[in-house]
1. Provide 158, 126, 72 in ascending order of the number of other Cβ atoms located within 10 Å of each residue's Cβ, fewest first.
2. Would you mind telling me which residue in 113, 19, 139 has the biggest mean-square fluctuation in a Gaussian network model of the chain, where springs connect alpha carbons within a distance under 10 angstrom?
3. For region 90-188, what are Rg and Dmax over the alpha carbons, in angstrom?
4. Give me the percent relative contact order of the chain, please, defined on Cα pairs under 8 angstrom at least 6 residues apart.
5. Report the residue, chosen from 21, 105, 136, that carries the largest GNM mean-square fluctuation when the chain is represented by alpha-carbon nodes joined by springs under 10 Å.
6. Which one of 53, 73, 161 has the biggest mean-square fluctuation once the chain is modelled by GNM with Cα springs under 10 Å?
7. Taking neighbour Cβ counts within 10 Å as the exposure measure, how do 30, 170 sort from fewest upward?
8. Report P(r) for region 5-174: all Cα-Cα distances, bin width 10 Å, range 0 to the bin holding the largest distance, values in whole percent.
Amino acid sequence: MLLFLVPLVLGFAFGVASAFTTAFSRRWGERRGQQITFVLRNVLAIPLWVFGLGLAVRTRSPALFGFAPVTELLGWLLLALGSVIQVLALFALRRRALMPSTRDTLVQHGLYAHIRHPIYAALLLEFAGLVLLRPTQAAALACAIGVGWVLIQARLEELDLLQRLPAYREYMKRVPRFLPRIWARRRT
């Protein structure tokens with residue numbers, strides 16, 4: 001029943017390892033550091049955790065709550081919103097998302113003007129949407145592990161970005177991590 005945990009956790013572990021672009025580049029050179037990050041994230045991490053999440057959703061397990069059309073609608077809306085946010089964020093990052101490097105520049109426009117981690121914020125929405133669409137213990141466990149991974153991954157990437165991008169420290173002070181500020185602070 002819990003076989004989905006193997007690819008899920010392995011994928012998340014490779015994802016965590018991919019957050020060390022600066023360390024890889026210092027040890028093995030810029031190009032090799034990019035390649036290692038690319039393989040860890042895009043070849044190993046993402047396919048494995050997506051596969052594990054898919055297995056979790058398909059695993060038969062007790063339901064957490066009953067089916068209701070409103071929860072299904074909300075689940076699809078969260079998945080759609082998360083997907084749109086991810087696409088917009090990836091367009092803003094361009095190549096930086098695929099192969100981060102120590103020569104990257106800081107992206108502060110589009111969604112990145114409002115939150116530091118729109119891709120991870122989108123994943124949080126999508127995890128919630130999946131639980132609403134497939135409210136089983138297995139899906140909820142996989143999504144809960146995913147939420148934990150997002151929190152750890154975002155923090156580790158920030159540690160790496162602080163080393164790669166000198167302007168990131170000031171950016172962190174101005175821009176919230178996952179949720180945009182609804183009310184702007186008044187400047188005096």
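Laboratory data are not the source of any read-out in this text; all were calculated from the coordinates shown. Note that the coordinates shown come from a computational prediction; the quantities given were computed from them, not determined experimentally. For neighbour counting, all protein chains shown are included, and Cβ atoms are generated from backbone atoms with ideal geometry for every residue, glycine included.
1. Ascending Cβ contact count within 10 Å gives the list 72, 158, 126.
2. For the chain, modelled as a Gaussian network with Cα springs under 10 Å, the answer is 113.
3. 15.5, 51
4. In percent, rounded to a whole number, it is 28.
5. Checking each option, the largest mean-square fluctuation is seen for 105.
6. Judging by the Gaussian network model, the answer is 73.
7. Ranking 30, 170 by Cβ neighbours within 10 Å, fewest first, gives 170, 30.
8. Calculated P(r), rounded to whole percents: 11, 35, 34, 16, 5, 0.
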